[in-house]
Amino acid sequence: MALAGSAGCLVIVLAIFLIAIAFGSRVLEIARLAEDRPTALKASETNASQLTALDKLLFSSGTGFAVLQLLLGILSLAYGLTLRSVVALLVLMTLAGGRGWKSVFRLGAGSWAEVSGVFESRTAKVLGIGMFFFAGLEALISTAPLTGSDAMHYHFTAPLLQIGRPEQPIFWLTHAFLTGLAHESIGMGLVLGGDKLALLFIFFGGFLTAVALLQMARKLMPAEWAVATVLTFLMAPMVFWQISTAGSPDIWMGFYVLLAVLATEQGSDRSRLPWLVLASVYAGAGAGIKYTGWIVPAVIVLIVLWTTKSLLWTALCSGTALAMGALPLLRNFVWTGDPFFPFLNRWIGRVAANPYGLRLLQADVHPHAFSRQPLHILNFFMTMALKGADYGLGNYFGPIILAFLPLLFFCNWRTRLTWVAGVLWLSMVLANALTTQMARFLLPTFPLALALVFSGAAASSRKTFPAVRWGCAATLVLFGLFCIASDVLYAKDFLRVSVGLESKEAFLDRMASDYQAATFLNSALPQQSGNVLVFLRHLYYLRVPYVYGDPDSSWMTNPDVLTSPQALLTFLKEHDIRWVVKAPGYPEALAAVFEESEKEGILVPETHADILVFAGNSRLLNNRQESELILLRVTR
C-alpha cells in the first residue's frame, strides 16, 4: 500500500508538471519566445544560445511553476487553500494552457531524445547509471513520512495551520513569517494528498534543478563531464538530504537561479531582449522563496542595465521581478509594517517583537563568530566548505568546489553563459558573507559553482595536463565513495517505511522528534475546548488546538512581560489557553514564573506520561532517554 500511495502521489506531481509545461509554453508562445531565432554569433561564442527541446521544456515548466506558486500565494491570502480552491486553480491553468498542450508531448519526446544522446559514450553511461540511482533513491525516501526538524517546526506546520482559511499572521510562531512562495507548493501538496505529496513536490524541484544543471553543463563542457557534474550534485550529502527528507523548499530557488542564468544567456543581442524579462521572472520567483534570494534579481537587473544600456528595459525587468517575488514581502508589510520582518522591525515595523526571541532568531541565522571584518570574510570564503559546524552545515557540500577552485582559470570566460553564471555565483556568495555567513543558505549557488569548476576541470583536461586530469579523477572517486557510504547509510532509516515494510506510526515513533508527546496530547485532549500551551519544538503532528509558547520562537511569550503569575494568567486568558504542557521542564527564560504559578495553584497537574525523547542533536544516532510529560490545567 505504501508504494501504491507513493505512485498515486507521483501521478499527481507529474500531472501538475504537465499543466505547468502547457501553461508556460503558451506564455512563451504569446511572448514570442518559443521560436528559434538564429543570431549572428561572435567568434568567441558557440551556438549555445540556440534553443533546443530541453531548453523549451525547462523554460516552459519554470514559467508554469513560477506563476502557479504566485497564484497559490494570492489564493492563500484572499480565500485560503482548500481542495476546491486548489483544484479550481489547476483547472483554470489547464484551460489557460490552450494551444500549449500541443507542444507538451513534442517537447517531452524531443527532450528525452536530447538527454539520451548525452549517454552515448561508455563513461557517460556508467556515470548516468549513478545519476539515476541517486535520483531514484532520493525519490523513494522522499515518500517517507515527514521527520525533518525545521519542517516539523515551521516549513510544513505554518502551511498546515493556514489551510482552509485566508492566510493570517501567526505571532506565536516566529518562523511563520519566513515562509515564501515555495511554501505554497507545500500547502498545495498538503491539501491534495498530505505530507507525502508535499515532500514529492520538493523532490521534484530538486529533480528539475538537476535537469537544468545538466543543460547548463552541456553548454559548457563535454557530455561526460556534464553528467559527472549532475552526479556530484545529486550525491552531495547536503543536496541528498535537502531533496529527499529535509522538508525545506529551498531547492526550488536553485532551479529558478539556473533558469535565470540560461534565460539571460539567451538575451545576447537587442533582438532577443525579451529573454531578459523572462530571466527576471525566474529571478523574482527565486527571491520570493527566501529573503536571501533578493540578491538574484538585483544582479540580473544590473546585468540587464549593462547589456541594454536602457533604463526602460531595466525598469521593466525590475518591475517583473518584483511582481513575481514580492508577495511575501507585501504580506509581511501589511501584517507588521516590515517587509523583511523581523529584521527591519526596529526601524520601520509596528509590531512589538519579542527582543528575547529576536536575539535568538538572529543567532540562529548567523554563526557564532559572525563578523564583517575583511580578514574574517576572506576566512569564510576559504573555510566554509571545511568547517560545517561553524557555518551552518556548510561542509556537507563537500570539498569539490574548494579543490577545483584553481581550475576556474581554464574556463572560457568569453562566453556569456560563463560570465553571467560567475557573476551571479560570486554575488550570492558575497551577499551571504556580508549578511549571514551561513553556508547552508548557499544551496541555490551550489549548481552554479559545480558547473563552473567542472567546466574548468574539463578544459584543463583537454589541455593535456596529466597530473591535473588524474588529480581531478582521484578527487571525484574519493568524494563519490564518501557520498555513496554517507547517503546509503542515511537512507536505510527511511527505506523500510518507504517500501511498506514498516508502519507509518512505528516509523514516526522511531524517527520523529516529539512524536510521542504529540500522540499523547492528541489522545488526552481529543475534543476539549480551548488551547493548550506547548513548548515542544516539533509541532506538525499535533492535532489539538494549541499555542506555541517557547520564547525562542514565539513573539507572544515575552519574558520581559511575563514576569509574575498574574501577568501569566492574563496572558493565558487572552489566548484561551486552558492547559499547559511541561515536558519535562519549562523554557529557561520562563521557568521561574511558571513554577511560581504552580505553587500558587494557577496551574494544577491533571495527567502525565513517560515518553522517550531524543538526546543530543542527531536523531540518526537514535540516542533516547526517558522523560516525563505533565499536562497542567489552568484553574482560574
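The values are calculated or read from the model by the stated rules, or taken from the named source; none is laboratory data. Since the structure is predicted, the reported quantities are computational estimates derived from the model, not experimental observations. All Cβ positions, glycine included, derive from the backbone under ideal geometry; neighbour counts span all protein chains shown.
Going by the conditions given, is F333 of a type outside the set (V, I, T), outside the structural domain of T63 (by TED's automatic domain parsing) and in a loop (DSSP other than H, G, I, E, B)?
no
Mind checking whether some residue in the stretch 447-465 is of a type outside the set (A, V, I, L, M) and within 29 Å of S6 (Cα to Cα)? Step through it out loud before you land on a result.
First, the residues of the stretch 447-465 that are of a type outside the set (A, V, I, L, M): 447, 454-456, 460-465.
Keeping just the survivors that are within 29 Å of S6 (Cα to Cα) gives 447.
Yes; the residues of the stretch 447-465 include at least one that is of a type outside the set (A, V, I, L, M) and within 29 Å of S6 (Cα to Cα).
State yes or no: is F479 without any contact (Cβ under 8 Å) to a residue 40 or more places away in the chain and among the aromatic types (F, W, Y)?
no
Do we have any residue at all in the stretch 508-521 that's surrounded by fewer than 19 Cβ atoms within 10 Å (Cβ to Cβ), in contact (Cβ under 8 Å) with a residue 24 or more places away in the chain and over 24 Å from the mean Cα position of the chain (by Cα)?
Within the stretch 508-521, one or more residues are surrounded by fewer than 19 Cβ atoms within 10 Å (Cβ to Cβ), in contact (Cβ under 8 Å) with a residue 24 or more places away in the chain and over 24 Å from the mean Cα position of the chain (by Cα).
Looking only at the stretch 523-536, which residues are out of contact with any Pro (no Cβ under 9 Å at 6 or more places or on another chain) and more than 12 Å from V581 (Cβ to Cβ)?
Correct list: S523, P526, Q527.
So is F404 surrounded by fewer than 22 Cβ atoms within 10 Å (Cβ to Cβ), in contact with a helix residue (DSSP H, G or I) (Cβ under 6 Å, 6 or more places away or on another chain), closer than 19 Å to F465 by Cβ and assigned by TED's automatic domain parsing to the domain that holds R218 or not?
Criteria not met by F404.
Mind checking which residues of the stretch 140-176 are in a helix (DSSP H, G or I), among the polar types (S, T, N, Q) and modelled with pLDDT of 95 or more?
Answer for the stretch 140-176, where residues must be in a helix (DSSP H, G or I), among the polar types (S, T, N, Q) and modelled with pLDDT of 95 or more: T157, Q162.
Restricting to the stretch 239-298, and then to whatever is among the basic types (K, R) and in contact (Cβ under 8 Å) with a residue 60 or more places away in the chain, can you tell me which residue is farthest from A176 (Cα to Cα)?
Going through the qualifying residues, I end up with R272.
Being outside any helix (DSSP H, G or I) and within 29 Å of R350 (Cβ to Cβ) is true for just one of I289, I295. Which residue is that?
None of the other options fit; the residue is I289.
Which of the following residues is in contact with a Phe, Trp or Tyr (Cβ under 6 Å, 6 or more places away or on another chain) and either among the small types (G, A, S) or not assigned by TED's automatic domain parsing to the domain that holds M238 (or both): A433, A421?
Of A433, A421, the one residue that is in contact with a Phe, Trp or Tyr (Cβ under 6 Å, 6 or more places away or on another chain) and either among the small types (G, A, S) or not assigned by TED's automatic domain parsing to the domain that holds M238 (or both) is A433.
What tally of residues in the stretch 143-184 results from selecting those that are surrounded by fewer than 24 Cβ atoms within 10 Å (Cβ to Cβ), over 15 Å from R331 (Cα atoms) and small (G, A, S)?
Of the residues in the stretch 143-184, 4 are surrounded by fewer than 24 Cβ atoms within 10 Å (Cβ to Cβ), over 15 Å from R331 (Cα atoms) and small (G, A, S).
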